[in-house]
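Everything on this sheet refers to the single structure shown next.
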Amino acid sequence: MLNATVIDPARNVRLVSPAVLVEFQKVDRGGGASAISSAYTENGVATCEYTYTSSEPLALIARIVPEGVDIPQSVASSPVQLTVGKPTKLLLNATWNGGAKHTFRGWLKHDSTGLAGETVTVKVNETTYTVTTGAGGYFRMTIDLAAVEGKKTIYMVTAIFNGSAPKTTVA
């Protein structure tokens with residue numbers, strides 16, 4: 001995920017209005033640029049999804065595309081903040097251990113690579129737990145889920161990964 005925030009340097013604030021067309025480009029080792037995508041800003045931010053599929057060095061840039069909108073030239077998107085993310089998969093399995101004990105196991109991966117050291121949130125009804133992934137992206141936690149007032153009780157369990165700290169660069 002690439003985000004470009006357009007800043008008005010005269011006021012040092014995000015340019016919220018008017019919407020501005022931003023073109024995202026990749027620049028190869030030889031300096032050749034080619035468009036990836038373009039998007040209009042919403043609340044001052046343009047977003048583009050791009051999957052990098054090569055091992056070659058690559059620069060990612062964003063530039064404002066003039067469209068007859070009266071924007072002072074000083075409102076260039078420089079510096080451009082690019083936030084890079086990667087698609088992830090999160091799996092959660094529950095096992096009843098007898099009594100009120102339940103073990104939740106899962107993994108967090110990007111492609112086939114486990115993501116270690118990431119925080120996963122497990123919500124059980126209105127209670128929130130956090131667990132950190134270990135080697136291979138695996139995690140495990142055991143909690144008590146007792147029957148309420150001795151009656152069969154349904155628990156809604158959700159695993160959430162909100163992403164790690166974005167890798168941000170200024171171009």
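The values are calculated or read from the model by the stated rules, or taken from the named source; none is laboratory data. What you are looking at is a predicted structure, and each value in this text was computed from that prediction instead of being measured. For neighbour counting, all protein chains shown are included, and Cβ atoms are generated from backbone atoms with ideal geometry for every residue, glycine included.
Data table
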| read-out | value |
| --- | --- |
| Residues within the range 8-58 that are among the hydrophobic types (A, V, I, L, M, F, W, C), at pLDDT below 65 and either surrounded by 13 or more Cβ atoms within 10 Å (Cβ to Cβ) or farther than 22 Å from Asp111 by Cβ (or both), tallied | 1 |
| Residue satisfying condition, being more than 30 Å from Arg29 (Cβ to Cβ), surrounded by 13 or more Cβ atoms within 10 Å (Cβ to Cβ), modelled with pLDDT under 90 and among the β-branched types (Val, Ile, Thr), within set Ile61, Ile154, Ile160 | Ile160 |
| Complete set of residues in the range 88-102 that are of a type outside the set (S, T, N, Q) and assigned to a strand (DSSP E or B) | Lys89, Leu90, Leu91, Leu92, Ala94, Trp96, Gly98, Lys101, His102 |
